[in-house]
Each structure stands twice: as C-alpha cells, then as structure tokens.
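Below: the structure, in structure tokens.
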Amino acid sequence: MIKYMVIGDPVAHSRSPGMQNAAFEFHHLGSPYGARRVRPEELPDFIAFARKNLAGVNLTVPHKQAVIPLIDEVDPAARQAGSVNTLLIEAGHIRGTSTDGYGLEHALLENFHRPVRGGRFCFIGAGGAAHATAFHLADAGAAAIRIANRTVEKAGRIADRLAELHPGLTVAVARPDETAKLEEWLADTDFLIQATSLGLRDEDPAPIEPELLAPGSNFCFFDTIYRETPLLRRACAVGIPAAGGELMLIHQGAKSFELWTGLEAPVEQMRRGFREYRPC
Ligand code: ATR
C-alpha cells in the first residue's frame, strides 16, 4: 500500500521511488513509496488527501514554497528558507521541513571531504535551490556566502536575511557577468555552488564565464543539477575537484527517510536504487 509519495509537475523523471523503496525494502517494509503528478491548482486537494491517507511526502518543483500555507506546522529553518521538501504526517497533523540543505552539506562532505563549518561559499543563482540550501549552510557554520544572480535583487534579499540572522557571516552579491568581482571572490572561496536551473537542457549556456574556473583554483565545484553541465565539464577539464548533484539528492532522501521512520537510512542501498531506477 502506498503511504509515501513524491509529488511535482513534472514528476515522471524522479528517481525518488527507486531510492526510497530500496531503503524501505532494506528494512523489510515493502515498497510503500510512489510518485504522482500534481499540478499547482491541484495542490490543496492533494494535501487534503495526504492528511487522511499518507505518512510522508516529498515535494519537488513547483510545490516547495506553495505548500507552506497549506500545512499545520513548518520547521523554523524551512520557514526561513521559504522551502519545504518533506512532509511528516501523523494522526492528520502535517509538519513540513526541508532536507535539501542537509543533502548539500553531506554531498560536499562525501565528495570533497571538506566540512561546511568555516567554509567560504560562492553561489551562482538565487532561486529555489539557493534558498533551500544557503540558510542551512549558514546555520551549519559557513564563514562566507556570496551570491551572484542575473536578477541581483533576489540575491540581495537572501544576503540581507542571512546577514540579519548571522551577524558574523561575510555576505556579498553581484551579477554573474561582473567577472572581475567574481575573480576576487573565487580567490577567497572553498566551494563554488552552481544553483541556477541552467544546464537542465543540452542547449543551456554556462551561467558564468567558464574561464573563471581556472586551472590551479583552490575551490571545489558543486553543481546542484544531476547531469553534466558546461561548468561541470569545464571544472573536470581543468582539474578542479568537481561533482554533480546526485549525492545531494541521495542525502536529502536519506534524511527524509530517517525522519519518517526513525530508522537509519541505508545510504548504499539508496544509492543503488537511485542509479538503477528507470522512471517511465
Ligand atoms: P525561481 O527563482 O523563479 O523560483 P528557480 O528555478 O528556482 O526559479 O531558479 C532559477 C535560477 O536560475 C535563478 O537564479 C535564475 O535567475 P533569475 O533569478 O535572474 O531568474 C537562474 N536562471 C534561470 N535561467 C537563467 C538564464 N537564462 N540566465 C541566468 N540565470 C538564469
């Protein structure tokens, strides 16, 4: 019986069912996790259905923000980020939280063996992915978060809020075409995080000048998209430690599983389930 679900629009590409069912099966709990396409206008009806029939939900685009006014309780960090990707449902009560920042933190640890605490971050992008993760990184002890975004006002809104919450944190904003400023930032950066939606399609350009990823750079490059993007290709070509978003998805899913079940997430099995699952 389906008790857990990922919803989105579109959702057909999601590998969460393969990944989560691998975890449930590991603990001999069957395959209770499904996927459903929910259009934006259907979200309130879906939440009413979930309240009565489900134990947990993962939300993906475009629902992470829209769900907030529809549920009973939102964790402070998720409210701060304005982004909820996990619902925990118990006796009709729905609590929302976000595991995306945890997913990024643990992907960085596993990929680069470098901790977030004390780390200097440079984000490209100020949309959903940056919102969902930047506040978590600041809470986890990041030393600097600089954000470059085409619409610089959006970067400014995140930076202002971060500065308010974390007075010791270095924050700054720029447009992605301010190359000299970005060069300066990157000389003082541990992690460059690509958090725009560019790279989802083959024909997408790079969001910043690829030459900014120069041979001999001291930062690691992480792309929140889990396919090869122009910047990921560039980083690999010039020998910068680099990774795509796969481990972020696996670790955010592992955290959701642990919140729902109270059991330890079998990360290796989830990784295999994620890779082997062929969504239809
Ligand atoms: P939204 O911010 O509307 O919720 P998103 O998918 O969460 O959308 O975020 C998309 C991110 O990719 C944003 O940082 C966006 O930049 P803007 O804030 O200026 O829109 C960025 N992005 C998308 N398409 C882009 C493009 N063609 N060039 C540069 N940045 C782009």
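The values are calculated or read from the model by the stated rules, or taken from the named source; none is laboratory data. All values derive from a computational prediction rather than experimental measurement. Methodologically, a virtual Cβ is constructed for each residue, glycine included, from the backbone with ideal geometry; neighbour enumeration extends over all protein chains shown. Ligands, DNA and RNA are excluded from the accessible area calculation, which covers all protein heavy atoms including side chains. Shrake-Rupley method; radii C 1.70, N 1.55, O 1.52, S 1.80 Å.
Which value, in nm² and rounded to one decimal, describes the direction-averaged projected area of the C-alpha convex hull of region 237-280?
Values: hull surface 18.3 nm².
The number I arrive at for region 237-280 is 4.6 nm².
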Quick one: putting +1 on the C-beta of Lys and Arg, -1 on the C-beta of Asp and Glu, what dipole do you get for region 117-271 around its Cα centre, in Debye to the nearest 20?
-> 200
What list of ³J(HN,Hα) values in whole Hz, one per residue of region 124-132 in order, does the Karplus curve 6.51 cos²θ - 1.76 cosθ + 1.60 (θ = phi - 60°) give from phi, with Gly and Pro shown as x?
-> 10, x, 9, x, x, 5, 5, 4, 5
Go through Gly56, Pro176, Pro210 and say which Cα lies farthest out towards the positive end of the charge dipole of the chain; charges sit on Cβ, +1 for Lys and Arg, -1 for Asp and Glu.
-> Gly56
Length-normalised contact order of region 136-280 in % [C-alpha pairs under 8 Å, at least 6 apart] = 15
Might you report the magnitude of the Cβ-based charge dipole of region 1-94 about its Cα centre, with Lys and Arg at +1 and Asp and Glu at -1, to the nearest 20 debye?
-> 180
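Just from its helices, what would the mean residue ellipticity at 222 nm be for the chain, if runs of 4 or more DSSP H residues each count -39500 (n - 2.57) and the sum is divided by every residue, rounded to the nearest 500 deg cm²/dmol? Don't jump to the answer; show the numbers that get you there.
Values: 10 runs with 109 residues, N = 280.
Using -39500 (n - 2.57) per qualifying helix, the result is -12000 deg cm²/dmol.
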Return the carbon/sulfur percentage of the accessible area of region 101-244, one whole number, probe 1.4 Å, all protein chains in place.
-> 50
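From the mean inverse distance of alpha carbon pairs (Kirkwood) and the Cα radius of gyration, derive Rg over Rh for the chain. Walk me through the numbers on the way to the answer.
Details: Rg = 18.6 Å, Rh = 19.2 Å.
Rg/Rh: 0.97.
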Radius of gyration and maximum dimension Dmax of region 159-229, Cα, Å | 13.6, 40
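Report the Stokes-Einstein translational diffusion coefficient (µm² s⁻¹, integer) for region 165-280, Rh taken as the Kirkwood radius over Cα pairs, at 20 °C with viscosity 1.002 mPa s. The partial results should precede the final answer.
On the way: Rh = 16.3 Å.
Result for D is 131 µm²/s.
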Would you mind checking the radius of gyration and Dmax of region 101-244 based on alpha-carbon positions, in Å?
-> 13.6, 40
Å² per residue, accessible surface of the chain at 1.4 Å | 46
Calculate one ³J(HN,Hα) per residue across region 143-156 by plugging θ = phi - 60° into the Karplus curve 6.51 cos²θ - 1.76 cosθ + 1.60, and present them in order as whole Hz with x for glycine and proline.
-> 8, 8, 9, 10, 10, 9, 8, 3, 8, 5, 4, 5, 4, x
Would you mind checking which residues have amide H under 5 Å from Ala35's amide H? H placed 1.01 Å from N; only 5 or more apart, or other chain.
-> Val6
With the dipole of region 1-120 worked out from charges on the C-beta (+1 for Lys and Arg, -1 for Asp and Glu) around the Cα centre, which of Val116, Asn21, Val84 lies farthest toward the positive end?
-> Val116
Indicate, rounded to the nearest 5 percent, the antiparallel portion of the DSSP beta bridges found entirely in the chain.
-> 20
Listed residues Leu70, Ala235, Leu198: farthest to the positive end of the dipole of the chain (Cβ charges) | Leu70
Taking the Cα centre of the chain as origin, work out the dipole magnitude from +1 charges on Lys and Arg Cβ and -1 charges on Asp and Glu Cβ, in debye rounded to 20.
-> 480
